[in-house]
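Quick notes on the structure that follows.
The numbers here are math on the coordinates, done by the rules we state, and not lab data. Since the model is a prediction, treat every value here as computed from it, not as a measurement. Heads up, the Cβs are rebuilt from the backbone with ideal geometry, glycines too, and the neighbour counts pull from every protein chain shown.
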Amino acid sequence: MSADSLGLLLKAFRLPTMAEIYEPVVQQAEQQGWGYRKFLLHLCEAEAQDRAERKLERLLKQSGLPGGKTLGSLEEAKLPAKVRRVLPTLLDGGFVDRAENVIALGLPGRGKSHFLAALSRELILRHKYAVFFTPTFKLVQQLLAAKRDLRLEEWLRRLDRYDVVVLDDLGYVQQEREEMEVLFTFLAERYERRSVMLSSNLVFSKWDQIFKDPMTTMAAIDRLVHHAMILEFNGESMRVPPGKGKGGRERAAGDPTAPVRPFGSAASLAPDGAKDSAPPKGRTQKVRDKEENNETVKNLPGTTSGF
């Protein structure tokens, strides 16, 4: 059999790396007196390594992860202490195998999205998990379009191929009944089968703004937190520009006598110009929100709280 014929056969068997390096490896084996076993092992190892690299490239490309939001660029020192403590456990990836969820709650600018994006990238790099990162509003619109085209089941099967789906900014959903229905269907489909990670500016007690109906709200929360780690991102905003005062406080531009106001007290803009679902509140309201949030989930079984 000629070398050309062997190369064609290797490609037909979907062994492109072997087909590419076969001839030079034959020459190397003859010069160094390799046995058949070593020769075959060398080819197989080269194919396996190249295949692993191609898979990694494919997983990163299809993940939809935002550029730059990596573990290396994550300012871990600014994360809440309890979030830092659970990070090694999350990086281990066991929660994905157990189809558990990760829920990141907190005001805008606290690092929720960066944390989940960095964690997602590590799950791909370390464990080769299939991860899909998407703004919640975008996924909801895609599911709505699929439902109108009678292709919702097809889309849900497509999403089921991912070990983890990351829903960023849950509070920015437009909150119409149709949006609520497809979002709930998606969450129900993944319950106890696949992992969901999500970030939200809204505590659980405010989720009736998303799902409208109280029973649907409770059912959605129950499915998410039943097997979940809940992380609270508090503290100062990570988006405070240089030059702002302690605690991210600023004065009106050009007026040194103007009263100091908390940085970020004006609602920031969500995708498509929507206002934040939960603009920053005073200290008393934050404490009330946390108490309401804990009250909502404390009686739901299987919940692991990160705070």
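Quick look at the values:
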| quantity | calculated |
| --- | --- |
| Wholly within the stretch 112-178, helices (runs of 4 or more DSSP H) carrying at least 3 residues that are touching a residue at least 40 places away in the same chain (Cβ under 8 Å) and within 30 Å of Ala81 (Cα to Cα) | 112-127 |
| Residue count, the stretch 92-111 (criterion: of a type in the set (Asp, Glu) and part of a helix (DSSP H, G or I)) | 2 |
| Residues of the stretch 46-86 classified as of a type outside the set (A, V, I, L, M, F, W, C) and either touching a residue at least 40 places away in the same chain (Cβ under 8 Å) or outside any helix (DSSP H, G or I) (or both), total | 15 |
| Selection from the stretch 188-233 of residues that are among the charged types (D, E, K, R), over 19 Å from Asp97 (Cα atoms) and more than 17 Å from the chain's Cα centre (by Cα) | Lys206, Asp208, Lys212, Asp213, Asp222 |
| So Thr89, is it of a type in the set (Val, Ile, Thr), part of a loop (DSSP other than H, G, I, E, B) and out of contact with any Ser or Thr (no Cβ under 7 Å at 6 or more places or on another chain) | no |
| Odd one out for Arg193, checked against (1) touching a residue at least 60 places away in the same chain (Cβ under 8 Å); (2) of a type outside the set (Ser, Thr, Tyr); (3) surrounded by fewer than 20 Cβ atoms within 10 Å (Cβ to Cβ); (4) closer than 25 Å to Thr70 by Cα | (4) |
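Every residue, every condition in (1) loosely packed, with under 13 Cβ neighbours inside 10 Å; (2) more than 36 Å from the chain's Cα centre (by Cα), yes or no:
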residue: Leu6; (1), (2): no, yes
residue: Ile21; (1), (2): no, yes
residue: Gly35; (1), (2): yes, yes
residue: Leu43; (1), (2): no, yes
residue: Glu53; (1), (2): yes, no
